[in-house]
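Bear in mind that the values in this text are calculations on the coordinates, not laboratory data. None of the values given here were measured: they were computed from a predicted structure. Here Cβ is always computed from backbone atoms with ideal geometry, including for glycine, and neighbour counts include all displayed protein chains.
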Amino acid sequence: MYAQMVKSTGTGLKSADEMSAEERAFQARIDAGEKIEPKDWMPEGYRKTLIRQIGQHAHSEIVGQLPEGNWITRAPTLERKAILLAKVQDEAGHGLYLYCAAETLGVSRDEMTEMLLDGRMKYSSIFNYPTLTWADMGAVGWLVDGAAIMNQVPLQRTSFGPYSRAMIRVCKEESFHQRQGFDIMMKMAQGTPQQKAMAQDALNRFWYPALMMFGPSDKDSVHSAQSMAWKIKMNTNDELRQKFVDQTVPQAEYLGLTVPDENLTWNEEKGGYDFSEPDWEEFFEVIKGNGPCNTDRLAARNKAWDDGAWVREGMMAHAEKKRARKMAAE
Amino acid sequence: MAREAAFYEFLLRMGDNTLILGHRVSEWCGHAPVLEEDIALANTALDLIGQTQMWLGLAAEVQGAGKTADDLAFLRDAWDFRNLLLVEMPNGDFGQTLMRQFLFDAWHVLQLRALTASSDARVAAIAAKSVKEATYHLERSAETVVGLGDGTAESHARMQAALDYLYPYVGEMFLSDAVDAALVEAGIAPDPASLRADYDDTLARVLGEATLTLPEARRARGGGRDGKMHTEHLGHLLTTMQWMQRAYPGATW
Amino acid sequence: MKTEWPLWEIFIRGQHGLSHRHVGSLHAPDAEMAIKNARDVYTRRNEGVSIWVVEAAAITASSPSDKGPMYEPSESKVYRHPSFYDIPDDVGAM
């Protein structure tokens, strides 16, 4: 997911007896479906976990601009260029909303940005894969946004008010993202043999990385249990992955494309597909920084940040001069 | 010059400006100094791409050869392009991009305002829609030029360098040729030279606030709007922009 | 030099006749740029007809611990609500 492997702070789930009175009251509010707002009392672990999770989610949106941004200048038609640009721009907007949500917890956007740039904070593993052909714009929209939506729709009900409101706005805006991706895939799947081959190649390369987005199985993870009790994680990774596969396989069939998994079969008993696990060793390598594009992605973000310093400083200096002049005139 | 031929040239001039500048601005997506600017630049690029679809769409219609706006954008070579040299200049740093935008917007608004009174209803309609977008672009680019010109010593120096680099390309906006004469005659578009005084006023006001100095007048660099001599930059831009259509001719995307 | 632009809270009037509503926040060097940034960030889908920006630091908020004293006293003032009064149907619309 856009926030993977977020460790909650603390030693795992406390029983009601182990909680302080404040913690019990806090948990009771969450259990009753109330929203927690920034100025409300909250356990330090809740605050820290949220900063990590929302921050990582925001970073994923920002780094996520790069693989698709890579094709804006090569989009094949004016309309495709406008659609792709609008979509990648939305991602910048979503990053912005999420940073603002995290800022209500007492961390600044600049602090979070610095933590991304020096590697202290992570972003989703998926954006460390390259976009090599135009079909990848289809595959990313269809599969990556499709997987993201699976996670983000339930997060609209998360317990932290600013996060929930940001997710509501994100989900509303994202509704066209997956569709535009599928639309690209449809055009290519119905196009020339070359186009169809390109579409199949994109599916082959993005299928397993998309499955990895949900993170490794977390059914026994103490961190997940705590986050789920706090309603900042709404489903287990396995639940969401299964849902994603069940939804996506028929779409691939519609396109006439083959999901690159020989073990993929419908399991009548569980009412879902059985499928192969992605290579988790590869996943952990990508998370550690050894994916195909980690170095380039971070270098691009660092360059934008460093090259932009004089702009941020210049605009601020002018605003301060203007304020001083105005005060002097009054 | 025959009216239809001149009209087609004029539409290419309008559409190629927005096509090439929109492309340049879109190159920033994901790389701007701050998120808010990233989003704003994308809005500008989206407006320009939308205007391109209208101008080149009409150009294709007037040409009457069964082509589309996409054909004109993706399948012409450098010498067929009719954009001002200014808009094909590279992005450089953020200051150079915003200076180029400001120098263009200040002209674009005047041109579009005049075109809203065009004798051709299709031109007037496109101009009426576009002028609202361009007016906002100008407000934003002017405010940024002022902010950075009057910011820190470094931002001031960078903005002055951008102005010095780009100003020689401004003169081309006001050159007139046979195409312009035919358009003025038909009441379709204004004489380019007639926009100069208002343009200079805008520049003087904004650059004054930005504490920037207009460079010594030099010979106007022309060759874009008549296609006689583009810069070397255009070919590289087209190589990227047209790659898909060139590599996979006839495919539908 | 700390150069992070201040945070602004953004309020947008969605349609003529409605109140401005808080839609989110953003960073900008000053109020004029905050309005422009709000236009670019928060009205990309034709969402507004008017924008207010307020520097976040200038907002004074009530404290959550005051929730009881702040809001509960009004709960007992039921006579402020029209449903408190029984008016016979014969009287007609009121």
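Selection among B:A42, B:P215, B:I20 by position relative to the dipole of chain B gives B:I20 as farthest towards the positive end (Cβ unit charges, Cα centre). Counting Cβ atoms of other protein chains within 10 Å of each residue's Cβ and taking the mean over peptide B:152-162 gives 3. Throw me the Rg/Rh for segment A:265-330, computed over C-alpha atoms with Kirkwood Rh, two decimals. Checking Rg against Rh, the ratio lands at 1.50. Summing charges over all other residues whose Cβ lies under 12 Å from the Cβ of B:L234, with Lys and Arg as +1 and Asp and Glu as -1, gives -2.
What the Cα convex hull of the protein assembly as shown gives, in volume per residue, is 231 Å³. Per residue of peptide A:96-107, the mean number of Cβ atoms on other chains within 10 Å of the residue Cβ is 3. Rounded to the nearest 20, the Cβ-based charge dipole of chain B about its Cα centre (Lys and Arg +1, Asp and Glu -1) stands at 420 debye. Note that segment C:27-43 has calculated 3J(HN,Hα) couplings of 10, 7, x, 8, 5, 5, 5, 4, 5, 5, 4, 5, 4, 6, 8, 9, 10 Hz, one per residue in order, obtained from phi through the Karplus relation 6.51 cos²θ - 1.76 cosθ + 1.60 (θ = phi - 60°); glycine and proline are x.
Near A:G272, the amide H atoms lying under 5 Å from its own belong to A:N267; only residues 5 or more places off or on other chains count, and H is placed 1.01 Å from N. Amide H contacts for A:F160 (H built 1.01 Å from N in the peptide plane; partners 5 or more residues away or on another chain; cut-off under 5 Å): A:I36. When the alpha carbon gyration tensor of segment B:115-253 is reduced to an equivalent ellipsoid, the three semi-axes, largest first, read 29, 24, 18 Å. Given C-alpha coordinates of segment C:19-85, what is the ratio Rg to Rh with the Kirkwood estimate of Rh? A ratio of 1.19. Using the alpha-carbon positions of segment A:171-330, Rg (one decimal) and Dmax (whole number) come out as 23.3, 78 Å. Distance from the alpha carbon centroid of segment B:132-208 to that of segment A:4-55 works out to 56 angstrom. Using the Cβ-Cβ distance between A:E111 and B:A220 with R0 = 35 Å, the FRET efficiency computed as 1/(1 + (r/R0)^6) comes to roughly 0.10. Listed values for segment A:168-182 are Karplus-derived 3J(HN,Hα) couplings in whole Hz (6.51 cos²θ - 1.76 cosθ + 1.60, θ = phi - 60°), namely 5, 5, 4, 5, 4, 6, 7, 4, 8, 5, 5, 4, 5, x, 5, and x replaces Gly and Pro. Residue-wise HN-Hα couplings along segment B:212-221, as the Karplus relation 6.51 cos²θ - 1.76 cosθ + 1.60 with θ = phi - 60° gives them from phi, are 9, 10, 5, x, 3, 4, 10, 4, 4, 8 Hz; Gly and Pro carry x. About its Cα centre, the dipole of chain C is roughly 400 debye, where the only charges are +1 on Lys and Arg Cβ and -1 on Asp and Glu Cβ. Taking a ≥ b ≥ c as the square roots of the eigenvalues of the alpha carbon gyration tensor, chain A is oblate, as a/c is not under 1.5 and a/b does not beat b/c. Electrostatic bookkeeping for A:D31 treats Lys and Arg as +1 and Asp and Glu as -1; over the other residues with beta carbon under 11 Å from its beta carbon, the sum is +2. Within a Cβ distance under 12 Å of A:I184, other residues only, what is the Lys/Arg minus Asp/Glu net charge? Summing Lys/Arg as +1 and Asp/Glu as -1 gives -1. Counting only other chain Cβ atoms within 10 Å of each residue's Cβ, the peptide B:44-50 averages 4.
Sorted on the mean count of surrounding Cβ atoms within 10 Å across their residues, most packed first, peptides B:45-55, A:177-187, B:96-106 read B:96-106, B:45-55, A:177-187.
The modelled label-to-label distance between A:D17 and C:T60, using points 7 Å beyond Cα along the C-beta direction, is 4.8 nm. Relative to the Cα centre, the charge distribution of the protein assembly as shown, modelled as +1 at Lys and Arg Cβ and -1 at Asp and Glu Cβ, gives a dipole magnitude of about 680 debye. Projecting the Cα atoms of A:M5, A:T133, A:G106 onto the charge dipole of chain A, computed from C-beta unit charges around the Cα centre, puts A:G106 farthest toward the positive end.
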